[in-house]
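J.: First, the structure itself, so that you have it in front of you.
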Amino acid sequence: MATTPDFIEFVCECVDGCGTVRHKKMFGEYMVYVDDKPVLLVCDNTVYVKILPELSKTMSQAERGTPYDGAKEHYILDMENAELVKETISILKAVTPLPKKRSKKQ
């Protein structure tokens, strides 16, 4: 089951106010960017966050799962918990680098 357009819009609305939010469809699922940093992976209407040492305290009670076969385990972010979402995004923005620009093939 792929992520529905309604769900990705819901996720973006929940993150609104944390910075400039956009999403990009990738392989049938979505990456959510905040201030151009890739912070959330959305697969099958579930929001995944990379497991990082900086998030260990904040996400200590979070469920874990894999977004797709062969992927590393991620935290599952409860989008209904607005305080947790804002705190998680704040930490991720601080530790996530901007993606490197790729040169176009000629």
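J.: How do the pairs read when you match residues in the stretch 1-30 that are polar (S, T, N, Q) with residues anywhere that are in a loop (DSSP other than H, G, I, E, B), using Cβ under 6 Å and keeping only pairs 6 or more apart or on different chains?
T.: So the pair list comes out as THR3/ASN45; THR20/ASP35.
J.: Considering only residues that are at pLDDT 95 or above and either touching an Asp or Glu at 6+ places or on another chain (Cβ under 8 Å) or of a type in the set (A, V, I, L, M, F, W, C) (or both), which ones fall in the stretch 1-13?
T.: Selection gives PHE7, ILE8, PHE10, VAL11, CYS12.
J.: Then there is this: Which residue is surrounded by the fewest Cβ atoms within 10 Å (Cβ to Cβ), if the candidates are limited to the stretch 83-106 and must be of a type outside the set (A, V, I, L, M, F, W, C) and outside any loop (DSSP other than H, G, I, E, B)?
T.: That would be GLU83.
J.: Among the strands (runs of 3 or more DSSP E) lying completely within the stretch 12-75, list those that include at least 2 residues that are closer than 19 Å to PRO97 by Cα and aromatic (Phe, Trp, Tyr).
T.: 29-34
J.: Search the stretch 1-33 for residues being of a type in the set (D, E, K, R) and more than 19 Å from LEU92 (Cβ to Cβ), and hand back the single one that is farthest from the chain's Cα centre (by Cα).
T.: My answer is ASP6.
J.: Would you pick out the residues in the stretch 74-106 that are touching a Gly at 6+ places or on another chain (Cβ under 8 Å) and of a type outside the set (D, E, K, R)?
T.: HIS74, ILE76, ILE89
J.: Kindly indicate which of TYR75, TYR68 is among the aromatic types (Phe, Trp, Tyr) and crowded, with 18+ Cβ neighbours inside 10 Å.
T.: TYR75
J.: State whether one or more residues within the stretch 44-58 are more than 20 Å from ALA2 (Cα to Cα), out of contact with any Cys (no Cβ under 7 Å at 6 or more places or on another chain), among the hydrophobic types (A, V, I, L, M, F, W, C) and buried (at least 17 other Cβ atoms within 10 Å of the Cβ).
T.: Looking for residues that are more than 20 Å from ALA2 (Cα to Cα), out of contact with any Cys (no Cβ under 7 Å at 6 or more places or on another chain), among the hydrophobic types (A, V, I, L, M, F, W, C) and buried (at least 17 other Cβ atoms within 10 Å of the Cβ), one finds at least one in the stretch 44-58, hence yes.
J.: Next up: Quick one: which of TYR75, TYR68 is modelled with pLDDT under 95 and among the aromatic types (Phe, Trp, Tyr)?
T.: Criteria check complete, one pass: TYR68.
J.: Kindly indicate whether GLU80 is without any contact (Cβ under 8 Å) to a residue 60 or more places away in the chain and either assigned to a strand (DSSP E or B) or surrounded by 12 or more Cβ atoms within 10 Å (Cβ to Cβ) (or both).
T.: When the stated conditions are applied, GLU80 does not pass them.
J.: Here's something else I'd like to know. If the Cβ limit is 8 Å and pairs must be 6+ apart or interchain, which residue in the stretch 84-97 that is in contact (Cβ under 8 Å) with a residue 24 or more places away in the chain pairs with which residue that is surrounded by 14 or more Cβ atoms within 10 Å (Cβ to Cβ) and of a type in the set (Ser, Thr, Tyr)?
T.: From the stretch 84-97, the pairs are LEU84/THR58; GLU87/THR58; THR88/THR58; ILE91/THR58.
The values are calculated or read from the model by the stated rules, or taken from the named source; none is laboratory data. All of these numbers come straight from a predicted model, not from anything done at the bench. Note: ideal-geometry Cβ built from the backbone for every residue, glycine included; neighbour counts use all protein chains shown.
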